[in-house]
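A short write-up of the structure that comes next.
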Amino acid sequence: MRTKVAIIGSGPAGLLLGRLLENAGIETVILERRSQEYVLGRIRAGVLEQGTVELLDRAGVGDKLHAEGLVHDGVEFCFDGNRHRFNFRELIGRTVTVYGQTEVTRDLMQARDSSGLTTIYEAENVSLHAFDGDAPKLRYVKDGVEHQLACDFIAGCDGYHGVSRASVPQDALRTFERVYPFGWLGILVDRPPVADELIYAHHERGFALCSMRSPSRSRYYIQVPSSDRVEEWSDQRFFDELRRRVNEETADKLLTGPSIEKSIAPLRSFVAEPLRFGRLFLAGDAAHIVPPTGAKGLNLAASDVAALAEALIEVYTERSSAGIDSYSARVLSRIWKAERFSWWMTSILHTFPDTDAFGRRIQRAEFEYLRSSTAASRSLAENYTGLPL
Ligand SMILES: Cc1cc2nc3c(=O)[nH]c(=O)nc-3n(C[C@H](O)[C@H](O)[C@H](O)COP(=O)(O)OP(=O)(O)OC[C@H]3O[C@@H](n4cnc5c(N)ncnc54)[C@H](O)[C@@H]3O)c2cc1C
């Protein structure tokens with residue numbers, strides 16, 4: 001089999017890249033290790049930057065998002081029980097939209113399926129070959145039979161644990177990493193959310209986030225030590241702890257119910273450099289990881305592939321390699337800004353094992369500054385709703 005761009009991974013990065021290239025008449029094949037149902041069953045991100053919404057619109061997959069997504073004009077911070085709302089629309093005229101990653105993935109998959117494009121699910125043992133030359137290829141096993149896919153370019157959109165980054169010679173890659181000593185215990189519950197917008201809470205017992213997926217489905221998180229296991233957290237224990245970390249009014253309003261999903265996500269900052277190796281490009285979580293504070297993971301994946309699609313379209317329509325030559329530097333500049341913002345939000349909102357009384361005063365001062373300074377509030381708004389590429 002042969003295609004122009006072989007994409008590894010059918011997460012949001014791979015699917016959106018496929019869609020953007022399809023719209024420019026460039027053929028792609030996606031190889032995905034898991035089944036379609038498995039990919040659709042993953043509960044992950046839920047906050048889309050305004051630029052991501054605009055990109056999905058341009059890709060022609062924005063109808064359901066506009067019908068069902070919840071446009072949020074701002075977010076709230078609750079610091080030691082004091083709530084403050086940052087109104088992004090008033091501050092900078094921009095918003096975010098709450099729409100689950102599962103839905104984004106479903107919309108992109110349906111668009112791809114109805115265009116009759118090839119996605120090979122349950123492709124095992126995907127391996128990358130000759131991407132340092134002019135004729136890269138992939139090998140994979142499907143239903144016990146080995147296949148080969150020849151292509152012009154390979155897009156590694158296979159997430160943090162994928163095969164693409166691992167196939168790059170170690171001495172060609174530099175990585176930067178920070179692992180945080182806690183995780184987020186998340187719970188999904190079929191009850192209306194406690195507030196219309198997200199509440200990011202800092203408390204001496206740890207961080208908490210009140211989020212949502214729809215007007216009837218809530219998503220709540222609390223910071224837990226990395227060593228905790230999900231089985232140690234009954235729904236009752238979770239909600240008791242969440243109530244302690246938010247202000248009284250929020251705690252009183254909280255509607256609890258049986259969890260329909262519960263999991264612990266570790267927190268990590270990670271960047272690989274560069275993101276191009278001959279005819280292989282890394283994008284999305286294959287290239288970088290952010291802690292979920294600030295909701296940048298999915299949005300970064302979208303902006304990476306927007307840049308990659310532009311660059312590849314330039315190759316095919318203008319016979320120019322300028323875009324692919326500058327891809328890595330261009331997206332890394334935005335990636336590092338999002339890394340900085342996610343790290344900063346994580347630092348001010350969480351309780352670290354070594355946070356002493358001095359450290360807590362600094363966190364409180366940061367919050368006081370944020371809410372009292374229009375310049376600082378605008379900076380938060382600009383970063384949260386998404387910086388330009
Ligand atoms: C529990 C959790 C909660 C999160 N919450 C948020 C949030 O609130 N906000 C936010 O912005 N971000 C969040 N994220 C991050 C966000 O989900 C990711 O940044 C986003 O999924 C990145 O998309 P991607 O397409 O790059 O990678 P992925 O979604 O990981 O997709 C990669 C795909 O590649 C496939 N694959 C892997 N290896 C291979 C292989 N060898 N061969 C073929 N296919 C392969 C995988 O099966 C997968 O389908 C969260 C992540 C997790 C895990």
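The values are calculated or read from the model by the stated rules, or taken from the named source; none is laboratory data. If you're wondering where the values come from, they're calculated on a predicted model, not measured in any experiment. Note: ideal-geometry Cβ built from the backbone for every residue, glycine included; neighbour counts use all protein chains shown.
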Selection from the range 189-220 of residues that are among the hydrophobic types (A, V, I, L, M, F, W, C) and either within 11 Å of the ligand (Cβ to nearest atom) or closer than 30 Å to Ala6 by Cα (or both) = Leu198, Leu209
inquiry  = Any residue at all in the range 244-255 that's closer than 20 Å to Gly159 by Cα, without any contact (Cβ under 8 Å) to a residue 60 or more places away in the chain and in contact with a strand residue (DSSP E or B) (Cβ under 6 Å, 6 or more places away or on another chain)?
reply    = no
message = Considering only residues that are surrounded by fewer than 24 Cβ atoms within 10 Å (Cβ to Cβ) and closer than 14 Å to Leu389 by Cα, which ones fall in the range 290-323?
response = Ala306, Ala307, Glu310, Ala311, Gly323
message = Could you list, ordered by first residue, the pairs with Cβ atoms under 6 Å in which the first is in the range 156-181 and closer than 24 Å to Phe352 by Cα and the second is part of a loop (DSSP other than H, G, I, E, B) and away from the ligand (no atom under 15 Å from the Cβ), at least 6 apart or interchain?
response = Pro181/Pro353
note = Over the range 154-187, the set of residues away from the ligand (no atom under 11 Å from the Cβ) and part of a strand (DSSP E or B) is Ile154, Arg174, Thr175, Phe176, Glu177, Arg178, Val179, Tyr180, Pro181, Phe182, Ile187
note = Within the range 31-50, of all residues that are of a type in the set (A, V, I, L, M, F, W, C) and part of a loop (DSSP other than H, G, I, E, B), the one nearest to the ligand (Cβ to nearest atom) is Ala45
query = Any residue at all in the range 18-26 that is within 14 Å of Arg112 (Cα to Cα), near the ligand (Cβ under 10 Å from one of its atoms), outside the structural domain of Ser263 (by TED's automatic domain parsing) and at pLDDT 95 or above?
reply = no
